[in-house]
1. Can you tell which of A:LEU39, A:LEU35 is open to solvent by 40 Å² or more (accessible area, probe 1.4 Å), under 24 Å from A:ALA134 (Cα atoms) and within 14 Å of the chain's Cα centre (by Cα)?
2. Output the number of residues of region B:213-248 satisfying the condition of being in contact with a Ser or Thr (Cβ under 9 Å, 6 or more places away or on another chain) and among the polar types (S, T, N, Q).
3. Which one of these does A:PRO48 not meet: (1) outside any helix (DSSP H, G or I); (2) closer than 30 Å to A:ILE275 by Cβ?
4. For a quick check of your reading: which helices (runs of 4 or more DSSP H) sit entirely within region A:78-139 and have at least 3 residues that are within 15 Å of the ligand (Cβ to nearest atom) and crowded, with 19+ Cβ neighbours inside 10 Å?
5. Pull out all pairs, ordered by first then second residue, where Cβ-Cβ is under 7 Å, the residues are six or more apart or on different chains, the first lies in region B:161-189 and is away from chain A (no Cβ under 14 Å), and the second is of a type in the set (Asp, Glu).
6. Scanning for something at pLDDT below 95, closer than 22 Å to A:ARG300 by Cβ and either within 12 Å of the ligand (Cβ to nearest atom) or not polar (S, T, N, Q) (or both), does region A:210-230 turn up at least one residue?
7. Suppose we keep only residues that are under 21 Å from the mean Cα position of the chain (by Cα) and more than 8 Å from chain B (Cβ to nearest Cβ) within region A:95-111. Which one would you say is modelled with the highest pLDDT?
8. Select from region A:306-361 the residues that are β-branched (Val, Ile, Thr) and within 21 Å of A:ALA250 (Cα to Cα) and list them in ascending order.
Amino acid sequence: MNHMFPFRFDSHLSFYLVIYVLTWVVHFFLMAYVLAGSLWLVWTTLFPGTGTVPRTKQPLARLLRDWMPFALSGAITAGVAPLLFVQILYRQQFYTSNLLLGWRWMVVIPVLVAAFYLLYVVKSETASRWPLIARLGLSIGIAACFLFVAFCWTANHLLSLSSAVWPEAYRSGEAVRSTFALSMRLLTWVAGTFPTMSILASWQLRGMRSRTAAWDASISEAEWAVLFNTEHRRLGYASIAGIAAAFACACGYWTTLETSVHTQLIGHAGWPWLIIAIASSLFQIVGWVMQFRRPCLCNRWLTTITVALLTALVAVASLREIVRLSLANLDQATTSTRAASQVGGFRLFLVFTVLNIGLIAWCIHMVRSRKPRIPQ
Amino acid sequence: MNAIYPVNDYGPLMPGLVMAAVAIVHVFLAQFAVGGGILLCYFQWLAMTGRSVDARSFVHGYFKVLVLISFVLGALTGVGIWFTSIQVSAPTIGEMVFHFHWIWATEWTFFCLEVVAGYCFYRYHDQLSARTCLTLLVLYAFAAWMSLFWINGILSWQLTPGHWLTTHSIVDGFLNPGFWPSLFFRTIVCMTLAALIGCVVVNVIPDLSREQRQELINKAAHLMIPMLAMPVLGAWYLYSMPSDSRSWVLGGSPAMMLFFMISVGASLAIGGYALIGLWLQKLYINGATASLLLLLAFGATAGGEFVREGSRKPYTVRHVLYSNGIRPEEVAGLRFRGCVSDDPFPVIHEKQLPNEVVTIGAKVFRRQCAVCHTMEGSNAVVHLTGAWDADQMRMNIAKLQQTKPFMPPFAGTAGELESLVQYIQWVHAKRPGSWPGTIDESNLPKIQRWLDEAGTAPAGNSPHPQTTEAEISIAPSVALGSLKR
Ligand code: HEM
């Protein structure tokens, strides 16, 4: 790789890589909302705070409980697209590691089913009246499910990278080669979900500000103002802490990589992305600091942070691919993408993508112009 | 050459059975989701046009069920089926993804629409005008049905690739001979399932009088009227099948015939009940009966899926890929080179096997037979060969495609076949600690003769279309063949 990723590969390979990276970023974006959201709910349940309104009844926790089922639907649906393209780009690696994990890989599905239904439980009126210990169990259960799923994807990914150990992994059944590398990589993702969730939730909170009456009419307008302010700050702190932790864990993961991978990451393929990742992370931090100085969430800084976050995600996803490509067989990916680009159907896909984006926009337009709900 | 993948041993269950279970649950739920969309549009329309006063409360109650079942379980078993397919036959799913990834990607854009339209309705229906509700429901139903449309093309291609075999055009592959009959057939199944679940739901909506329930149930039963067309469509589908596959279903394979009859019988029972009871006599149907009919429908789906999976044998993609991941054009080469020398994966309990001969036999079994057989569990080779002596075993395995036409030809050397026979006999003999460590060379010439007599072609009676240069150049096996493993 002598050029910035994904340029100057065989054009077919570049094409599939770009699609893969973009669809994966969308998956990560929505997945982050549920993963970080579920951890946030654990925190609020464990530490309800001493104020008059417990943290579980504060705006963010309400919002998360309300929207996490949909976000999970979204995360799963969004996951299907990279799942498709990973099978074009890295078919042998992906299938082999799936097979080596065997039933341990299949467990992901029932665990996600359980988490999905638990999200509906946590959202229900009934669950909010449960004793603390039950609510705590519930929120920890949900977060554990998502952490487990993230763990499985990372374990699968790492195993798919190390073809040399496949026969031995098959014989011994051991799927994890280095616990340290696995934990560092996994923690990088987990920490990275916080900045992502923070920004999504900030936009939502901003939209919710005028609709609090539907939540709880007993809380006064002045109290809401204070609560919202506190939540904004918390989101900012969570985001900055997430970026710092992700950076630290990524450094830890770096130490486990081979020199040949380092060479690629700081070489032509990777260095621009490293710079972009670091710069856009700093931008996010600056954005949050500027945001702290404002009385409410303001459009300009939220937009800045959002753009910086998306840039950072694309950069990190690209670095993730550079690591994989420097360990994988480039010729293999080139040959299979070249062959795949011959089969046809891309234009069909484009037409229906445009059509369905239009229809989705129409759906959203219809519900946005609805009559506001009358508070009971 | 395909990549060689590790094979998991799921104990007495062969992977195909696990696959069948996930597939049946998923197909059942997904068809319910598709039919549910249609039913909801119908009821919303009934409510809006004043044809049924209670239809609105039904729409809102039913949609909750639809979301909780189909959004959650339907979507996740969909991913589950993908994961299971990889476990059962990575080469097959790889082949399907390779040829149809843009169709799949197109289907995915409809998933996105389905999720958004469905969720918009679910969250906001009580704040939206009846018209907007209908629009959202129509979009939801359209998206759900389109996902059936796309996947149906890929699945029917596996059994009836038709002209695609010579043209390799995606249009020929997608609009293959089985496409239309199975699309119509499945759509009717979807509507029937939705109507049956509708009957269950009507029975649990609180605060409805018996008359109100009866009216809703009779309206829901309208969705079962298309079942009248099922016999014709079923016949059309059978007609579109390759003749050998059709003959398995119609008696050639007792197991497949049994499942086919279950499917037909259950459908007849539901159809008869729907037409006579609900439509002509306007009968009431209580929750228990509705659930029973639903159970029958599940039986019909299960039988149908089993037949669909089973009738493809010995292929997973007709004329392109055998169930065990070997391609027809590879067989001749493997007879010469052998099928275990390039398999990088060791035998898991190698230490428990007495020697190299048996170990090779175990590898041959794993590569060629394990998708459809276990050694001692379901469809166990040890039991199937129980009455045979060694020479019968040698001959029947060498002529595998003639022994049972739904098995692929044996794809290994005479020595490997002998090792396989040794492995089977060793298990027969209750896995003794010591076993002859060398092959009796004198058996090899006759095995070779039997292999040659059977040839490398499959048994099927429908001809294999001529392979052209152009098609080879884009087949992934060849594309990947030049790569190092
Ligand atoms: C909420 C549940 C989920 C969580 C927490 C989650 C988390 C993750 C994480 C952390 C990764 C990165 C792995 C790594 O690079 O080390 C990942 C990758 C991925 N996820 Fe998800 N995921 C979830 C659900 C899903 C689902 C349901 C699908 C499929 C429909 C999916 C598809 C993918 C794909 C295709 C990749 C890329 C795999 C690769 O390139 O090796 N995810 N996911």
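The values are calculated or read from the model by the stated rules, or taken from the named source; none is laboratory data. A quick note: this is a predicted structure, and the numbers were derived from the prediction, not measured. A quick note on method: Cβ atoms are made from the backbone with ideal geometry, for glycine too, and the neighbour counts reach across all protein chains shown. Ligands, DNA and RNA are stripped out before the accessible areas are found, and what is left, the full protein with its side chains, is counted by its heavy atoms. Shrake-Rupley method; radii C 1.70, N 1.55, O 1.52, S 1.80 Å.
1. Going through A:LEU39, A:LEU35 in turn, just one is open to solvent by 40 Å² or more (accessible area, probe 1.4 Å), under 24 Å from A:ALA134 (Cα atoms) and within 14 Å of the chain's Cα centre (by Cα): A:LEU39.
2. The total comes to 4.
3. Against the list (1) outside any helix (DSSP H, G or I); (2) closer than 30 Å to A:ILE275 by Cβ, A:PRO48 comes up short only on (2).
4. Helices (runs of 4 or more DSSP H) meeting the threshold: A:91-101, A:108-123.
5. Partner pairs satisfying both residue conditions: B:GLY162/B:ASP172; B:HIS163/B:ASP172.
6. Yes.
7. Looking at residues that are under 21 Å from the mean Cα position of the chain (by Cα) and more than 8 Å from chain B (Cβ to nearest Cβ), I get A:VAL111.
8. Passing the criteria: A:THR311, A:VAL314, A:VAL316, A:ILE322, A:VAL323.
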